[in-house]
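Take a look at the structure set out below.
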Amino acid sequence: MNQQPAIVVYGAGSVGCYLGGRLHAHIAVRLIARPRMADVLHEHGLTLSDLQGFRQYIPAGALDVQTQPQAARAPLVLVTVKSADTVQAGRELADVLPHDAIVISFQNGLHNADLLCTALPGRTVLAGMVPFNVLQRSPGSFHQGSSGDLIVEAHPALAPYLPAFASAGLHLQQHADMPAIQRAKLLFNLNNAINALSDLPLRQELAERGWRRCLALAQREALDIFAAAHLPVARLTPLPANWLPHILALPDALFARIAPRMLAIDPHARSSTWEDLQAGRRTEVDALHGAIVELATAMGKRAPINERIIELIREAEQAPVKWTSEILLEALRRAQSNAS
């Protein structure tokens, strides 16, 4: 092993490798990866790029990559495993981390930090949010395809690490109400499945009104469920969250004028769900659309649009299906109508 790390990235996939790679030159970082990813990094090293033109190559010999949970001992751990693996990650870390360790959940979904907190009593577990998309474009090459700053639950113990994040170009915004932030991020993540079904780059998909109308249906249903549960949703763009479905439904020319002010996306960006389907991996659809369905069920309600998207992704996990925006929009509207 290399020198004792100051930061461990636990679950170094696309997001984890990108975060760890950006931090590499500014603080001692160790990546805990699955053997498959570790082999890729040992063979190819780590190449990072973003939509602003940043590019960096870290040779394999300069990386600290491990595959065993026992190597995860560090004062700060960034958990980036898929949501379905959170409980297992918590069990593994419980036997390794010191009781004064800080753990940040940089994962999609609403409940991962709570699951880690239960598994890691005595440790400081903070909810975090990664706003941007990261795609592995070739083995060991990870590209940030959209904009935004990391957000994390405010805590004074983070102070020693803020300079390293800032120097790495990963500005760490601290926020007091992370549940509201996570609900806002979930609204954007509802496009992950739709992007995967479209089989288009994100920017091309969002340029077509039909796909945006599909996303607007899912977002409007989620916003209605959040409102019924009296759960606030933070503002992540210049526009309030409840305006998003209306903006998405605008004609293409008008949307094209407004969209760049909300989020910058380059032509290469794809959703993590698309990437998972291409690789034959399970998706996070249950942690995303499933969170809306679960909340609706808890209140005795239905979320038929998000239910249908879950069904379609599960079918796509078994065999690819070619969708058009018109066919998908009709399928979602029919699901909504049948539930009325």
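The values are calculated or read from the model by the stated rules, or taken from the named source; none is laboratory data. A quick note: this is a predicted structure, and the numbers were derived from the prediction, not measured. Positions of Cβ are generated from backbone atoms using ideal geometry, with glycine treated the same way; all protein chains shown enter the neighbour counts. Accessible surface is based on the protein model in full, side chains and every heavy atom, while ligands, DNA and RNA are left aside. Shrake-Rupley method; radii C 1.70, N 1.55, O 1.52, S 1.80 Å.
Does Leu78 count as under 22 Å from Ala287 (Cβ atoms) and crowded, with 22+ Cβ neighbours inside 10 Å?
On the way: under 22 Å from Ala287 (Cβ atoms): yes; crowded, with 22+ Cβ neighbours inside 10 Å: yes.
So Leu78 fits the description; yes.
If Ala38 satisfies every condition in (1) of a type outside the set (D, E, K, R); (2) touching a residue at least 40 places away in the same chain (Cβ under 8 Å); (3) not in a strand (DSSP E or B) but one, which is the exception?
Unmet condition: (2).
Here are Glu208, Glu221: which of them is within 22 Å of Arg257 (Cα to Cα) and out of contact with any Leu (no Cβ under 6 Å at 6 or more places or on another chain)? Show your work before the answer.
On the way: Glu221 fails: within 22 Å of Arg257 (Cα to Cα).
Only one candidate passes the filter, namely Glu208.
From the list Ser272, Ser325, pick out the single residue that is open to solvent by less than 70 Å² (accessible area, probe 1.4 Å), closer than 29 Å to Val87 by Cα and not hydrophobic (A, V, I, L, M, F, W, C).
Values: Ser325 fails: closer than 29 Å to Val87 by Cα.
Being open to solvent by less than 70 Å² (accessible area, probe 1.4 Å), closer than 29 Å to Val87 by Cα and not hydrophobic (A, V, I, L, M, F, W, C) holds for just one of Ser272, Ser325, which is Ser272.
Would you say Ser49 is in contact with a His (Cβ under 8 Å, 6 or more places away or on another chain), crowded, with 18+ Cβ neighbours inside 10 Å and either in the same structural domain as Ala264 (by TED's automatic domain parsing) or of a type in the set (S, T, N, Q) (or both)? So that I can check it myself, show each step before the final result.
On the way: in contact with a His (Cβ under 8 Å, 6 or more places away or on another chain): yes; crowded, with 18+ Cβ neighbours inside 10 Å: yes; either in the same structural domain as Ala264 (by TED's automatic domain parsing) or of a type in the set (S, T, N, Q) (or both): yes.
So Ser49 fits the description; yes.
So is Thr86 open to solvent by less than 50 Å² (accessible area, probe 1.4 Å), under 23 Å from Leu135 (Cβ atoms), free of Cβ contacts under 8 Å to residues at least 40 places away in the same chain and of a type in the set (S, T, N, Q) or not? I'd like the intermediate steps shown before the answer.
Working: open to solvent by less than 50 Å² (accessible area, probe 1.4 Å): yes; under 23 Å from Leu135 (Cβ atoms): yes; free of Cβ contacts under 8 Å to residues at least 40 places away in the same chain: yes; of a type in the set (S, T, N, Q): yes.
Answer is yes for this residue.
Can you name the strands (runs of 3 or more DSSP E) wholly within segment 95-188 that have at least 3 residues being of a type in the set (A, V, I, L, M, F, W, C)? Reasoning before the result, please.
On the way: elements: 102-105, 124-129, 134-138, 141-144, 150-153, 172-175.
Ranges flagged: 102-105, 124-129, 150-153.
All but one of (1) under 18 Å from Glu205 (Cα atoms); (2) open to solvent by less than 60 Å² (accessible area, probe 1.4 Å) hold for Leu288; state the number of the condition that does not hold.
For Leu288, the exception is condition (1).
Go over the candidates Leu187, Leu115, Leu162, Leu170 one by one and state the one that is surrounded by fewer than 21 Cβ atoms within 10 Å (Cβ to Cβ), touching a residue at least 40 places away in the same chain (Cβ under 8 Å) and hydrophobic (A, V, I, L, M, F, W, C).
Working: Leu187 fails: surrounded by fewer than 21 Cβ atoms within 10 Å (Cβ to Cβ); Leu115 fails: touching a residue at least 40 places away in the same chain (Cβ under 8 Å); Leu162 fails: touching a residue at least 40 places away in the same chain (Cβ under 8 Å).
Result: Leu170 is the single residue among Leu187, Leu115, Leu162, Leu170 that is surrounded by fewer than 21 Cβ atoms within 10 Å (Cβ to Cβ), touching a residue at least 40 places away in the same chain (Cβ under 8 Å) and hydrophobic (A, V, I, L, M, F, W, C).
Of all residues in segment 72-83, which are in contact with a helix residue (DSSP H, G or I) (Cβ under 7 Å, 6 or more places away or on another chain), under 29 Å from Leu295 (Cα atoms) and not in a strand (DSSP E or B)?
Thr80, Val81, Ser83
How many of the residues making up segment 296-314 are more than 18 Å from Arg334 (Cα to Cα) and surrounded by fewer than 16 Cβ atoms within 10 Å (Cβ to Cβ)? Don't jump to the end; show me each part of the working.
Residues of segment 296-314 more than 18 Å from Arg334 (Cα to Cα): 296-300, 314.
Narrowing the set further to residues that are surrounded by fewer than 16 Cβ atoms within 10 Å (Cβ to Cβ) leaves 297-300, 314.
Residues in segment 296-314 being more than 18 Å from Arg334 (Cα to Cα) and surrounded by fewer than 16 Cβ atoms within 10 Å (Cβ to Cβ): 5 in total.
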